[in-house]
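J.: Before we start, here is the structure in question, set down as structure tokens.
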Amino acid sequence: MRKRVPARFSILFLQTFCFLFCLILGAQMATGEPLDEWQSRNSGTTSDLYNVVWNGQKLVTVGLGGSILTSWDGISWNGATSGTTNWLYGVAYGNGTFVASGQNGTIVTSSDGNSWTQRSTGTSNLLYCAAFGSNRFVVVGTGGTILTSTDGGNTWTRVTSGVSSGLFGVTYGNGRFVVVGESGVVLTSNDGVVWTQQVSNTGSWLDQVAFGNGLFVAAGQSGTIITSRDATNWTQRSAGTTDFYCIAYGNGIFVAVGAKGTIFSSLDGVSWTRRSPGVSVSLRGVTFGVYNTFVVTGFNGTILESGSVAGTPIANAGQHQTVQTGTVVTLDGSGSSDPDGDPITYSWTIESRPSNSTATLTNITSVKSSFVPDVRGSYTVKLVVTDSTGLQSRPSTVTVTAGALPLANAGSDKSGVKVGTQVVLDGSGSSDPDGNVPLEYSWTITAKPAGSAATLKDATSAQCIITPDQRWIYTVSLVVTNSIGLQSQPSTVSVSVGSPPVANAGADQSVLVGETVVLDGSGCFSPDAATPLAYEWTLQRPEGSSASMVNLTTARPNFIADIAGSYTATVVVTDKDGFRSQHDDVVITATQPTTGGSTESGGTDPSSGGGGGGGCFIATAVYGSSLAPEVAVLKRFRDSYLLTNLPGRYIVHCYYRLSPPVAAFIEGRDGLKLVIRGLLRPVILGAKHPFLFVVYVLGFLGLAGIGRFIKNGLT
């Protein structure tokens, strides 16, 4: 006979079993995957809802018939008046403004999500999606439409996309906009104005693109997913076979939503996991932010909210850099974060570097690290951050490309160019020491006259054209960029439009030591009458001379020839527009007196009339007489009158050539000296008083005439 189990034992066993079951179930529920825990929220509408955005304080979703809903917490939703009945498909937030876009070129804006203003767009195309970045909104739509706004969505400008395909999605990340659309179209732009088409490696339609943790991920038709680190080189992935309509990133996770209640998630954009939202309607929008949850919107007023995603910290090693070899590179991890707000620590390492490099990192546990690339090539640096609970981020890498700067060569200067003539500037002599070609060219005019409308043609080619429209010296600068993104120092070329002035230093001169040499640049001129001219004189002296030129910025400078030898004076003139002449030289030959005393041998200065004249027959003739001091008067007359004109200079030149033998001849003949003194008196009087000298000459001629008249009358 079998023994009966006591009732109390059975009850105890059952209670224990139930307790353990509930404990295990509770633990499983407590550690459940938040992306499988979707809660349906009451939207208060049955209208189809499309995109949704979170600005840090408020959720806004848009949809059918111009409907707009807002929520502070993702749970309670309220309607707002959009002012339009057109369907709204896209919504974005930036710089204090919400922007929604939709049918018939509709764009409405709002500062609070409640009051909306319709804006003029100049198009009737359907506008699918909007994004904000770098102080600019970008909206895309059918027919290759791209609109931009830099004033908070008030005014919109259409830019050229280069395609006619439908454009469905746009995002901003890592310093650039990325647009996706029909037949695998991918466009990129650094400024939202100039767009470049990239190879996506897929022909499937792409409905939306998101950026997170240094990665662009686009999703679309039949489960198509493509990823890229730089938005240029794309790799095809896949996640199921259902169409995706939207994708978002948050707390280290990408979430894509689509047809028939489809939701997939991924940590890296490569491996994707299907989630179970418990609905089968088409899901059209997804965003991340409120309470670390994902919010999904869809048809029939569907709004879903995930469980809170307590994510691992996110490392951000900063943007890729291209630098000159030997310069300090600073790596910035300040973009790293922890979704739970926990403090994080940093760990930098060099993953790869050129084989012969010995570069090392400094401050490897700081938010910013640095190193010096010592050889040209590519360096990959990895950053991992760890939060206070010990959770580590996925690695974030940054690539630093080092090389030599390219060398710009803008070609030779151009001169004598006529106004209105095309001038070809040639930068084909530019080069790159490391062979990082092809080069990109950028020409700019850095100097031109006020009022000039001259521009450059083909300013991004090796050769460009400028057509000067005024007389001036135009300056054009060339900067080249090599294939790895390094820019050269500027190279400049001048284009001189008009003729330069002509320098004329005057005729060569022969003087005696101690004489003042007056130079004459009055023959300088500008063929274009671009006066006044600015003078620059320089003087080359014989060895041992200390002669110094005075008034060297005038047309008539002077100096004293202090020793015998050859002096060369050079003049260059510049006209009022900055044109410089070629230089012109004049040679001054200074000789010592050939007879009598000299200043070098201890004799008296000839200007004093002493020492026998030193080769000057006038000084020899008046030596020791009352006229000796008057030689200085004659000297001043020579400098002030004779040397200021060509005939006078010729007279002085002939005098100094013929004077020495005359002085030698009269040296011992006192009678000749008396005759010369008598002839000199009226000359000295004329030098002192030019007017009286004229009267004297006229009087002498008059007396001579009267005498001749009387003589003729007597005969």
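The values are calculated or read from the model by the stated rules, or taken from the named source; none is laboratory data. What you see is a predicted model; the values in this text were computed from it and never measured. All Cβ positions, glycine included, derive from the backbone under ideal geometry; neighbour counts span all protein chains shown.
J.: Kindly indicate which of Val419, Val437 is touching a Lys or Arg at 6+ places or on another chain (Cβ under 7 Å), farther than 27 Å from Ile344 by Cβ and surrounded by fewer than 17 Cβ atoms within 10 Å (Cβ to Cβ).
T.: Details: Val437 fails: touching a Lys or Arg at 6+ places or on another chain (Cβ under 7 Å).
Among Val419, Val437, only Val419 is touching a Lys or Arg at 6+ places or on another chain (Cβ under 7 Å), farther than 27 Å from Ile344 by Cβ and surrounded by fewer than 17 Cβ atoms within 10 Å (Cβ to Cβ).
J.: Consider segment 299-346. How many of its residues are charged (D, E, K, R), more than 30 Å from Tyr245 (Cα to Cα) and out of contact with any Lys or Arg (no Cβ under 7 Å at 6 or more places or on another chain)?
T.: Restricting attention to segment 299-346, the residues satisfying the condition of being charged (D, E, K, R) are 305, 332, 338, 340, 342.
Next, only the ones that are more than 30 Å from Tyr245 (Cα to Cα) stay: 332, 342.
If we keep only those that are out of contact with any Lys or Arg (no Cβ under 7 Å at 6 or more places or on another chain) too, we end up with 342.
Final tally of qualifying residues: 1.
J.: Touching a helix residue (DSSP H, G or I) at 6+ places or on another chain (Cβ under 9 Å), more than 30 Å from Ser442 (Cβ to Cβ) and polar (S, T, N, Q) - does that describe any residue in segment 499-512?
T.: Quick first cut of segment 499-512, residues touching a helix residue (DSSP H, G or I) at 6+ places or on another chain (Cβ under 9 Å) only: 506-507, 509-512.
Next cut, more than 30 Å from Ser442 (Cβ to Cβ) only: 506-507, 509-512.
From what is left, the residues that are polar (S, T, N, Q) are 509-510.
Scanning segment 499-512, I find at least one residue that is touching a helix residue (DSSP H, G or I) at 6+ places or on another chain (Cβ under 9 Å), more than 30 Å from Ser442 (Cβ to Cβ) and polar (S, T, N, Q), so the answer is yes.
J.: Please work out which one of (1) acidic (Asp, Glu); (2) in contact with a Ser or Thr (Cβ under 8 Å, 6 or more places away or on another chain); (3) within 26 Å of Ile68 (Cα to Cα) is the condition Asp112 fails and give its number.
T.: Of everything listed in (1) acidic (Asp, Glu); (2) in contact with a Ser or Thr (Cβ under 8 Å, 6 or more places away or on another chain); (3) within 26 Å of Ile68 (Cα to Cα), Asp112 misses just condition (2).
J.: Another question, if that's okay. As an exercise: evaluate Ser546 against (1) more than 30 Å from Leu407 (Cβ to Cβ); (2) loosely packed, with under 14 Cβ neighbours inside 10 Å; (3) modelled with pLDDT of 95 or more and give the number of the one condition it does not meet.
T.: So the condition that Ser546 fails would be (3).
J.: Right, something else. Of all residues in segment 312-337 being among the small types (Gly, Ala, Ser) and over 14 Å from Lys382 (Cβ atoms), which is surrounded by the most Cβ atoms within 10 Å (Cβ to Cβ)?
T.: Step one: list which residues in segment 312-337 are among the small types (Gly, Ala, Ser), which gives 315, 317-318, 326, 333-337.
Applying the additional criterion that residues be over 14 Å from Lys382 (Cβ atoms) yields 326, 334-335, 337.
Values: Gly326: 12, Ser334: 10, Gly335: 15, Ser337: 19.
It comes out as Ser337.
J.: Sticking with this one: Only one of (1) surrounded by fewer than 14 Cβ atoms within 10 Å (Cβ to Cβ); (2) at pLDDT 95 or above fails for Pro527. Which number is that?
T.: Pro527 satisfies all of (1) surrounded by fewer than 14 Cβ atoms within 10 Å (Cβ to Cβ); (2) at pLDDT 95 or above except (2).
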